[in-house]
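Every number in this text was worked out from the coordinates using simple rules, so none of it is lab data. The model shown is predicted, which means the values in this text are computed figures rather than measured ones. No Cβ is skipped: glycine too gets one built from the backbone with ideal geometry, and neighbour counts run over all protein chains shown.
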Amino acid sequence: MIILWLLQIVFLKTYYKSMKTNEIKRIGNTLVSEYGEGNFEDIIYSTSFKRGINIEVLNEKGELVLPSAGLGEPRPPRADPIGVSMFIRKLLDSEDGKVLYTTENLSLRAPTVVYGAVLRSQNGENLYLYINGLLDPIDSTTSVLKNQLIIVTIISFLLAIGLSFVIASKMTRPILKVTDAASILAKGNYDVIFEKGDYTEINQLADTLNYATKELSKTEELRRDFIANVSHDLKTPLTLIKSYAEMIRDISGNIPEKRNHHLKVIIDESDRLTELVNDILNLSKLQSGINEIEYNTFDIGLTTQEILKRFTVLVERDGYTFEFNCDKDTVVIGDEKKIEQAIYNLISNAVNYTGQDKLVTINIRNLGEYVQFEVVDTGKGIPKEEIDHIWDRYYKSGKTHKRSVIGTGLGLSIVKTILTTHNVNFGVDSILGKGSKFWFQLKTK
C-alpha cells in the first residue's frame, strides 16, 4: 500500500510530465524526418488533432506557414505570440537546431511543453517546426486516486488483521498444546502425548518430543533399576560383613579356625564392595571423558592370556572351562589398559551367564585390516527385543537382578563406553537356547 501511495500520488505528476515531454519530443523528431513529403501538411493536421497538441511551421518572422487555413475546416489551437518570440530566440541559440523546454502559457494559465526544430526549405529560407502541448492538470485525477487508495487501504488493513488473527490462532493452538504437554512432562509424567497440528514443522516437533518422552521414560526406568540393583549389591556385602563381625565377637573370637574363615568372608565382601565402587567411578569417568584414550600398539592375544590367568581360581574351584583360540599376528592399536578392562568384563559376563557346562570360548581372529575379539557362552541367549538394552547399566533380561558370580553388574556398560570412545565396531550375536557371542574389532598396526 505504501508503494501504491508513492507511485499514484507522490510520483504521478513527475511521471506524467516526463511521459508527456518524451511523447512530444518523439512526435517532433518524427515530423522532422517526414518534412519534405507531399502530404506533410496533412500529417501535421491529423497529428495535431489526434494528439491534442498545437503543431505549426513558422517562418523566420514567426508567421504561420503550415497548416494553411481551409474553408469550413477547424483550426488547431493557435500559438501564443509572446511564446513564439521566445521560442525562435531559444531555437536560434541552440547548437543542434532543436529545443525542448517547459514554460507557462499565460493565456491558458497552464504549463506547456514546447518542442522546436529548424526545417530547411527548398528556397533556402529557414522554417521552424513549433509544437506546443499542454501539461493537462492531474489534480482531479490524483484526488480520485487518493480517495480510492484510502478505501483500499482501510479494507486491506481490516482484512490483514482478520487474516492474521486466523493464521495466528491456527498456528499457536498446537504450539500451546505442546507447551502444556511439556509442562506436564517436566513434572515427571512420562505418559503425556504430544499432539500433532496442521503443519509439517509442528508434526515433526511432536514426533521428536514423543520420541524424547519415550526415551526419558526408559532412562527413568533404568535409573530406578540401577539404584535398586546398586542398593542390593551394597546391602548384601554390608550385611555379611556385619553378621560375620558379630559372629567373631560373640562366637568364634577365640576359635582360630572359625575366626579365620569368618575374617576371610569379611575381606572378600570388602573387596567386592571396593570393586563395585571402583567400577561405578570408572564408568562415571569414562562417560564424562575424564580418562582420555592413550593409543599404542600391543598384542591382544598375549593380553588376553594374561587376563585368563586371573580366572584360574574358577577353573580349580568351580569347574569352569576356558577355551582359547588365537590366530598369529594379533597386534592392534588402542589403549591397552582400557581394552584389557573391556576383555576382562566380557569374560566375566560370559562366566555369569554360560550354561551348565560352564564353558567359555575366547576367539581372536586376524581379519587383515582388523583383529576381531570374541567371547562365546552357552547360556540361554538374549531375546532380540532386549539386545539393544544389554549394554545399559545393571540391565538384566527379564528384569530379574541376581548377584554375579564374578564382577559387579556394570561390566557391559563399561565395555560399551570403552569401545565407543575407541570408535570401533562391536556388538552381540545371540540365539535363544544356544548362547551369545560378544565381539569387537580393533585396527591392526
Which values, in whole Å and largest first, are the semi-axes of the equivalent ellipsoid of the chain obtained as the square root of 5 times each eigenvalue of the Cα gyration tensor?
-> 109, 30, 18
Could you name the aspartates and glutamates whose alpha carbon sits less than 20 Å from that of Lys242, not counting residues in the same chain fewer than 8 places away?
-> Asp233, Asp250, Glu257, Asp268, Glu269, Asp271, Glu275
Name the lysines eligible as straight-distance cross-link partners of Lys17: C-alpha to C-alpha under 27 Å, and not fewer than 8 places from it in the same chain.
-> Lys25, Lys50, Lys90, Lys98, Lys146
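Quickly estimate the mean residue ellipticity at 222 nm for the chain, helices only: each DSSP H run with n ≥ 4 gives -39500 (n - 2.57), and the total goes over all residues, rounded to 500.
The helix contribution divided over the chain gives -17500 deg cm²/dmol.
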What do the square roots of 5 times the Cα gyration tensor eigenvalues come to for the range 294-443, in whole Å, largest first, as semi-axes of the equivalent ellipsoid?
-> 23, 18, 14
Built amide H within the under 5 Å cut-off of Tyr199, gap 5+ | none
Protection-proxy order for peptides 15-27, 45-57, each taking the mean of Cβ atoms within 10 Å per residue, highest first = 45-57, 15-27
Too-long pairs where the Cα-Cα distance tops 32 Å, listed order kept, from Lys235/Lys258; Lys309/Lys443; Lys187/Lys437; Lys187/Lys380; Lys328/Lys358 = Lys187/Lys437; Lys187/Lys380
Treat the count of other C-beta atoms within 10 Å as a stand-in for reagent exposure and order Trp391, Trp5 from fewest to most.
-> Trp5, Trp391
